[in-house]
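The values are calculated or read from the model by the stated rules, or taken from the named source; none is laboratory data. The shown structure was predicted, so the numbers you read here are calculated from the model rather than taken from an experiment. Note: ideal-geometry Cβ built from the backbone for every residue, glycine included; neighbour counts use all protein chains shown. Side chains included, ligands, DNA and RNA excluded: accessible areas come from the protein's heavy atoms. Shrake-Rupley method; radii C 1.70, N 1.55, O 1.52, S 1.80 Å.
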Amino acid sequence: MSTRALTPHPTTNLTPVRRSCRRWLGSRRGQKTLTFYLFILPWLLGFIALTVIPLSGGFALSFTNYDGLNLTTMKFLGAGNYTRIFNDADALFSLRRVLLWSALNVPIWLCTSFVLAWLLNHSIRGRGIFRTIFYLPSVIPLVAVTWIGRIMLHQQYGVVNQVINLVLPGTSIKWLSEYALVSLTGVAVWTGIGSGVVIFLAGLQNIPVELEEAALIDGANKWQSLRRVTIPLMTPVIFYQLVLSIVSAMQYFALPMLLSPTSGGNGGVLATPPVRAVYLFMIHAFRQAFGFQRYGYATALTWFLVLFMLVLTAFVFWSSSKWVHSESPEK
Amino acid sequence: MMTASALRWLRNSMIYIVLIGVALILMIPVIWLLITSLKAEHEYVSDHLVLWPQPPQWQNYYLAVTRIDFLKYVRNSAVLSTIFAGLTVTTSAMAGYAFARIPAWGRSRLFSVVVATLLIPGSIYVIPQFIFYSQLRITNSYWPWVLWGLAASPFHIFLFRQFFQAFPVELEEAAEMDGARIHRIFLQIVLPNALPAVATSFILNFLGVWGDWVMTTLYLTDENTTLAVKLISSYFNPQGYPLITPTLAAAVLYVLPPVLVFFLMQKYIMQGVVTSGLKG
């Protein structure tokens, strides 16, 4: 005979709150919620430890003179680090450099990849092969790109100068020092063009062919179809890529350091400054941290840049109402 | 005036010319790397242009592998990349699945947090995380990558969530009706069918670490560092003079895995790129 009816329910002796918690935990919904949080637990813990803590800790540190070693001798500086930025000639110089760099890189990258994607969008054969070739430089790791840059742009042994010498003997352009910004732009566009083409091509192929055909039937020529139909429809994608590339360009840091003739030894690489022309803002910030142990000042510089980028991005967002066509119902 | 089809032929030809021209220009640096890696040192360190090595110095590749403990650094790179990729894929797939398929209180709010994290510029983490890891005394080791891997990647969580959302729900519903718990559903039904997403995610993460120079320079010593860091400085001969062409050979070897993987997995990699570019 079953004894089940004789044993009291396990929750009978609990308080009402505990009982409803237990019941919930045993229920389907409770189980699922528990499992959900179990599944996201690594991300959640990581988010707290590696995002929240560093961000808030870094922000707090930016108001101190932390030197990486002594928490006891740390002083609270108020906004001292931030005002220091405006008196730091190198910081302001590097800010101007990174703005110039972004102003060069972003438009060139956007235009060339858009034009190439548009060309590829025509019904031509071998589109996949072209796309692969255009994307290949993006796959090449940074260090290999550095070596390619070094052997091509070297003042004496670089192939670029040697080819120019065939026509104009005696040319010895210092690509990596005097024309560092130009070289950097060239290399960056070379590596970056692939992703731009892939993204814009995907966006272009999302545009229904009927729209362009309708425009042609209505009497527009190819050029007008591009201007009045294709580009407006692509503005959301262009806008998104514009914001992303600005944010990315403003933080640019590694390639200028590696391409400069001043690099080449490891150890102090993160602290050795590159050529002045490509002395970008984040390079200055990292130099403060890893070269001079001024961690407080370095985090202040970083937060300053983030704020600056926020303002820039806000401006682009504000301007977007003027030129970005959001998804509107058909005209 | 020309016929319509003749005009079209002309237009297509012009397009082809431009595209082929650009393709050649983009390929020249890669080809030049290959050619120069086969030159004798004096053919590189010369004032005039040497278009083709006479003869090709295949021993540069032998030198590349023997002049330094090349295999050790390849192993370091491979181990570090695998650890990070394996951990990241696991945690991101779990989170992605949870966000896609497990209803719970706070799910959508937490996912907004994930998306918001994507917008944070990466530079802001470098210095604080370095201080964090220094305080934990785990710099000069692979531990930072273990922690990064365990923390999952917002981008890959997003990828997996998208993938799982498109997954037909019938299989999971059937298993649920049979009484299977979520962990079992995930491990035995969902994951085996998620191979494309898992492969893409693993490869993207693996290549990310393989090609990384900044974090590896920051956190590793000469003993346990990756190939990337080792290759930044050139090889030297016993007298202390730099040997550029063997270094280039080493660079070619270093580039081979990413390029090979790219050719094999193009479709998936491009899909990942498109997701990141169009989702906005």
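Looking only at segment A:110-132, decide whether some residue is facing another protein chain (nearest Cβ under 7 Å), within 29 Å of A:Arg276 (Cβ to Cβ), open to solvent by 20 Å² or more (accessible area, probe 1.4 Å) and in contact (Cβ under 8 Å) with a residue 12 or more places away in the chain. Checking segment A:110-132: not a single residue is facing another protein chain (nearest Cβ under 7 Å), within 29 Å of A:Arg276 (Cβ to Cβ), open to solvent by 20 Å² or more (accessible area, probe 1.4 Å) and in contact (Cβ under 8 Å) with a residue 12 or more places away in the chain.
A search for C-beta distances below 7 Å between a residue of segment A:302-321 that is more than 9 Å from every other protein chain (Cβ to nearest Cβ) and any residue that is part of a helix (DSSP H, G or I) and aromatic (Phe, Trp, Tyr), counting only pairs 6+ apart in sequence or on different chains, returns A:Phe304/A:Tyr82; A:Ser320/A:Phe239. Taking segment B:131-146 as the search range and keeping residues that are surrounded by 20 or more Cβ atoms within 10 Å (Cβ to Cβ) and modelled with pLDDT of 95 or more, which one is farthest from the other protein chains (Cβ to nearest Cβ)? Selected residue: B:Trp145.
Determine which member of the set A:Val160, A:Val187, A:Val182 is over 18 Å from A:Tyr252 (Cβ atoms), assigned to a helix (DSSP H, G or I) and hydrophobic (A, V, I, L, M, F, W, C). Can you show your working first?
Values: A:Val187 fails: over 18 Å from A:Tyr252 (Cβ atoms); A:Val182 fails: over 18 Å from A:Tyr252 (Cβ atoms).
Every option except A:Val160 fails the conditions.
Taking the criterion of being touching a residue at least 24 places away in the same chain (Cβ under 8 Å), more than 8 Å from every other protein chain (Cβ to nearest Cβ), assigned to a helix (DSSP H, G or I) and not hydrophobic (A, V, I, L, M, F, W, C), the residues of segment A:278-301 that qualify are A:His284, A:Gly296, A:Tyr297. Scanning segment A:43-53 turns up no residue that is surrounded by fewer than 16 Cβ atoms within 10 Å (Cβ to Cβ) and closer than 15 Å to A:Phe304 by Cβ. Can you work out which of the residues in segment B:45-54 that are within 12 Å of chain A (Cβ to nearest Cβ) and among the hydrophobic types (A, V, I, L, M, F, W, C) is most open to solvent (accessible area, probe 1.4 Å)? Among those residues, the one meeting the criterion is B:Leu51. The set of residues in segment A:147-157 being more than 7 Å from chain B (Cβ to nearest Cβ) and part of a helix (DSSP H, G or I) consists of A:Gly149, A:Arg150, A:Leu153.
Would you call A:Thr64 within 9 Å of another protein chain (Cβ to nearest Cβ), at pLDDT below 90 and surrounded by 17 or more Cβ atoms within 10 Å (Cβ to Cβ)?
no
Candidates in segment A:302-331 are the residues that are touching a Ser or Thr at 6+ places or on another chain (Cβ under 6 Å) and assigned to a loop (DSSP other than H, G, I, E, B); of these, the one that is modelled with the highest pLDDT is A:Val324.
None of A:Ile217, A:Ile199, A:Ile246, A:Ile173 is open to solvent by 30 Å² or more (accessible area, probe 1.4 Å) and either within 24 Å of B:Gly211 (Cβ to Cβ) or touching a residue at least 24 places away in the same chain (Cβ under 8 Å) (or both) except A:Ile246. Screening segment B:55-85 for residues that are open to solvent by 60 Å² or more (accessible area, probe 1.4 Å) and outside any helix (DSSP H, G or I) and picking the one that is farthest from B:Trp148 (Cα to Cα) gives B:Pro55.
Between B:Gly277, B:Gly240, B:Gly208, B:Gly272, which is outside any helix (DSSP H, G or I) and not aromatic (Phe, Trp, Tyr)?
Values: B:Gly277 fails: outside any helix (DSSP H, G or I); B:Gly208 fails: outside any helix (DSSP H, G or I); B:Gly272 fails: outside any helix (DSSP H, G or I).
Step by step, each of B:Gly277, B:Gly240, B:Gly208, B:Gly272 is checked, and only B:Gly240 is outside any helix (DSSP H, G or I) and not aromatic (Phe, Trp, Tyr).
Considering segment B:183-231 alone, what residues qualify as being modelled with pLDDT under 85 and open to solvent by 30 Å² or more (accessible area, probe 1.4 Å)? Residues satisfying the conditions are B:His183, B:Arg184, B:Leu187, B:Gln188, B:Ile189, B:Leu191, B:Pro192, B:Asn193.
From the list B:Ala104, B:Ala151, the one residue that fits, being at the interface with another protein chain (Cβ under 10 Å from one of its Cβ atoms), more than 30 Å from A:Ala285 (Cα to Cα) and of a type outside the set (Lys, Arg), is B:Ala104. Checking B:Gly240 against (1) in contact with a helix residue (DSSP H, G or I) (Cβ under 8 Å, 6 or more places away or on another chain); (2) of a type outside the set (Ser, Thr, Tyr); (3) open to solvent by less than 50 Å² (accessible area, probe 1.4 Å), which single condition isn't satisfied? Just one mismatch for B:Gly240, condition (1). Summed over segment A:213-266, residues that are part of a helix (DSSP H, G or I), in contact with a Pro (Cβ under 9 Å, 6 or more places away or on another chain) and at pLDDT below 80 total 0. Flag: A:Ile124 matches the condition of being outside any helix (DSSP H, G or I) and within 30 Å of B:Ser5 (Cβ to Cβ).
Going by the structure shown, is B:Val252 over 16 Å from B:Phe160 (Cα atoms), open to solvent by 10 Å² or more (accessible area, probe 1.4 Å) and facing another protein chain (nearest Cβ under 7 Å)? Steps first, answer last, please.
Working: over 16 Å from B:Phe160 (Cα atoms): yes; open to solvent by 10 Å² or more (accessible area, probe 1.4 Å): yes; facing another protein chain (nearest Cβ under 7 Å): no.
Taking the combined requirement at face value, the residue does not satisfy it.
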